[in-house]
Amino acid sequence: MEYILVVDFGGQYAHLIMRRIRELNVYSEVASAYTGLGELKNLIRGSLGVILSGGPGSVWEQHHDDIVKIALEEDKHLLGICYGHQLIAKVLGGVVGKASNPEFGPTLLTIKVKDPLFATIPNFISVWMSHNDSVLEPPKGAIILASSPGSPVAAFRFGNRVYSVQWHPEVAHSMYGIELLNNWLRIVGAPRNWRPEVMVEELVHKVWEAVGESKAVAAVSGGIDSTVAALIAHKALGSRLYPVIIDHGLHPEGEPWRSLELLRKTGLEAKLIDASDRFYEALRGVRDPEGKRRVFGAVYAKVLEDYAESVGAEYLVQGTIYPDVIESGARPGASIIKTHHNVAGLPAAFKLKLVEPLKWFYKDEVRRIARKLKVPEEIIKRQPIPGPSLAVRIEGEVTREKIEIVRKADAILREEIEAAGLQDRLWQYFTILLESKATGVKGDERVYGNVIAVRAVASVDAMTASIARLPWEMLENIASRIASEVPSVVRVVYDLTSKPPATIEWE
Ligand code: XMP
């Protein structure tokens, strides 16, 4: 598949650029600038064009000049953005320095030359800037295309293959950003042939190449990501793939048997391993969210290793998707939001080699692949459940009693949402058992009991989320059912926070 390579210098936006390019129907991947130069050279050589993205450092402090030089030597189409803009300017001999006027946020841009990059874009637009340094003088022979109050060289072209802009066209706050990227893809001559579903054969081939003649275990949950990853691996490996569902004792009500049934509908026969005692034992006394994730990940890894050893498998197929990779800080230079057990929660000495066919995909893309693979809609539409499941929906220590409380409350919430037919309009809905207690009256008695929080959100890819505006009467009914049907609960609260600033899960 032909692709645009986005080189990530550790800024926040490389993944967003990749996403925008894909939305324009061109395949794109991100590579860290800290990847070895040899590997980067191969990736650059194989690409249609390279985008050098933003980064937190100054071009004078870091040493990434070689990356620009390689792209120039390979005569690739190049687009610099923010830090990438300054880096290209510096390598080509321009002057980069402290701007008299650093720019953060919306900035008025004046387009000076009606270059093909700005076809369809008006001459005065507001764009999103975020920089201390600026390109003060362009490289010799470059044409200044645009400027802003703090960026005399806000955009330039060098020859016919190098473009560079100071602002972030990928963020929604930049007017005509998508048009700019679209125009650049036109200049590159990139064919618009990317649709996630056309990748299936290639993904199957990649798994086959990775695993060779060996065997693999696929950890499946009955959710869409792990099911799709397992189906792809199944196509590649047939009976050399061993799908397994681990019963960790922290599933929502009715699980994991329902998952087993759903998987059967896709043609995958999974083995169910009851390891709940091992999980409860290991989680005893662990209170903090990251601690719980690590412990959960460690036990999960051990159970998988034991099973793999029993069937003679060397590989583990997982349904890791791109947001898991980003939020786990698995990219060099990025910060950790939380440890997803299927990315960063595995112990360093994990024995199995990982195969993650969906690592580059967003959820909506995985859904399209799932439909291509004829995965039942029930699985496609299932709400995601975090790997550590109810362990991260119980504040503080996880005990059997607490699991029962949150499980019951969760089942009531699900029943009500499904009865109202709202399940397909929401990304996730679940309950959290808080650590703090509150006063209530039950019967004629004053009691000091548990508090349940209800969370319901809408989202496209879990990177951002808005709260669900559930009908008031429905919320009242949910609260009253939970407080009366779950004996220890005296109070129910509704979470009104979007992501950001909150995350979707509480822990
Ligand atoms: P947050 O809470 O980070 O969640 O806004 C984003 C999406 O990821 C799911 N999630 C997890 N998935 N392991 C997983 O496999 C985890 O540790 C984990 N934590 C959060 C969450 O349910 C939401 O869909």
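The values are calculated or read from the model by the stated rules, or taken from the named source; none is laboratory data. Here the structure is a predicted model, which is why all the values come from computation and not from measurement. Heads up, the Cβs are rebuilt from the backbone with ideal geometry, glycines too, and the neighbour counts pull from every protein chain shown.
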Worksheet item: Is at least one residue of the stretch 346-353 under 16 Å from Lys292 (Cα atoms), under 22 Å from the mean Cα position of the chain (by Cα) and at pLDDT below 95?
Response: yes
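Just the residues that are under 15 Å from Asp410 (Cα atoms) and within 16 Å of the ligand (Cβ to nearest atom), please, taken from the stretch 485-507. Reasoning before the result, please.
As a first pass, look at the stretch 485-507 and keep what is under 15 Å from Asp410 (Cα atoms): 485-489, 491-495, 505-506.
Matches in the stretch 485-507: Asp495, Glu505, Trp506.
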Worksheet entry | Among the candidates Leu92, Leu108, Leu87, Leu79, residue that is of a type outside the set (Phe, Trp, Tyr), loosely packed, with under 14 Cβ neighbours inside 10 Å and touching a strand residue (DSSP E or B) at 6+ places or on another chain (Cβ under 8 Å) | Leu108
Worksheet entry | Residues within the stretch 358-417 that are within 16 Å of the ligand (Cβ to nearest atom) and in a loop (DSSP other than H, G, I, E, B), tallied | 14
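If the requirement is being assigned by TED's automatic domain parsing to the domain that holds Val406, more than 11 Å from the ligand (Cβ to nearest atom), within 19 Å of Pro386 (Cα to Cα) and more than 25 Å from the chain's Cα centre (by Cα), which of these qualifies: Ile482, Ile452, Ile467, Ile478? Steps first, answer last, please.
Working: Ile482 fails: within 19 Å of Pro386 (Cα to Cα); Ile467 fails: more than 25 Å from the chain's Cα centre (by Cα); Ile478 fails: within 19 Å of Pro386 (Cα to Cα).
After applying the criteria, what remains is Ile452.
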Discussion item. Looking at the stretch 261-279, I want the residues that are farther than 26 Å from Ala298 by Cα and have a partner that is of a type in the set (D, E, K, R) with Cβ atoms under 7 Å, at least 6 apart or on another chain. Which pairs are those?
Written reply: Leu262/Glu378
Response to the item:
Residues in the stretch 441-453 that are modelled with pLDDT of 95 or more and either crowded, with 18+ Cβ neighbours inside 10 Å or not aromatic (Phe, Trp, Tyr) (or both) total 5
Worksheet item: In the stretch 147-167, which residue that is assigned to a loop (DSSP other than H, G, I, E, B) and at pLDDT 95 or above is nearest to Ala71 (Cα to Cα)?
Response: Arg161
Worksheet item: Does at least one position in the stretch 301-322 carry a residue that is within 14 Å of the ligand (Cβ to nearest atom) and part of a helix (DSSP H, G or I)?
Response: yes
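Rundown of residues vs (1) surrounded by 19 or more Cβ atoms within 10 Å (Cβ to Cβ); (2) farther than 19 Å from Leu263 by Cβ; (3) not assigned by TED's automatic domain parsing to the domain that holds Leu203, yes/no style:
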| residue | (1), (2), (3) |
| --- | --- |
| Leu346 | yes, yes, no |
| Leu352 | yes, yes, no |
| Phe361 | yes, yes, no |
| Arg371 | no, no, no |
| Ile385 | yes, no, yes |
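Mind checking which strands (runs of 3 or more DSSP E) fall wholly inside the stretch 61-146 and carry at least 3 residues that are over 16 Å from Tyr163 (Cβ atoms) and not small (Gly, Ala, Ser)?
Per the criteria, 95-111, 124-137.
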Worksheet item: Which residue pairs have Cβ atoms under 9 Å apart, sit 6 or more places apart or on different chains, and have a first residue in the stretch 485-507 that is within 24 Å of Gly449 (Cα to Cα) and a second that is within 16 Å of the ligand (Cβ to nearest atom) and among the acidic types (Asp, Glu)?
Response: Trp506/Glu395; Trp506/Asp495; Glu507/Asp288; Glu507/Glu290; Glu507/Glu395
Practice prompt. Determine which member of the set Asn132, Asn160, Asn182 is assigned by TED's automatic domain parsing to the domain that holds Ile88 and more than 24 Å from Leu48 (Cα to Cα).
Written response: Asn132
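Under the condition of being of a type in the set (A, V, I, L, M) and in contact with a Lys or Arg (Cβ under 9 Å, 6 or more places away or on another chain), which residue from the stretch 234-249 is nearest to Glu202 (Cα to Cα)?
Ala236
Suppose we keep only residues that are among the β-branched types (Val, Ile, Thr) and not in a helix (DSSP H, G or I) within the stretch 192-239. Which one would you say is modelled with the highest pLDDT? Break it down stepwise before answering.
Taking the stretch 192-239 and keeping what is among the β-branched types (Val, Ile, Thr), we get 198, 200, 204, 207, 211, 217, 220, 224, 227-228, 232.
Subsequent filtering for residues that are not in a helix (DSSP H, G or I) retains 217, 220.
Values: Val217: 98, Val220: 94.
Checked the stretch 192-239; the qualifying residue modelled with the highest pLDDT is Val217.
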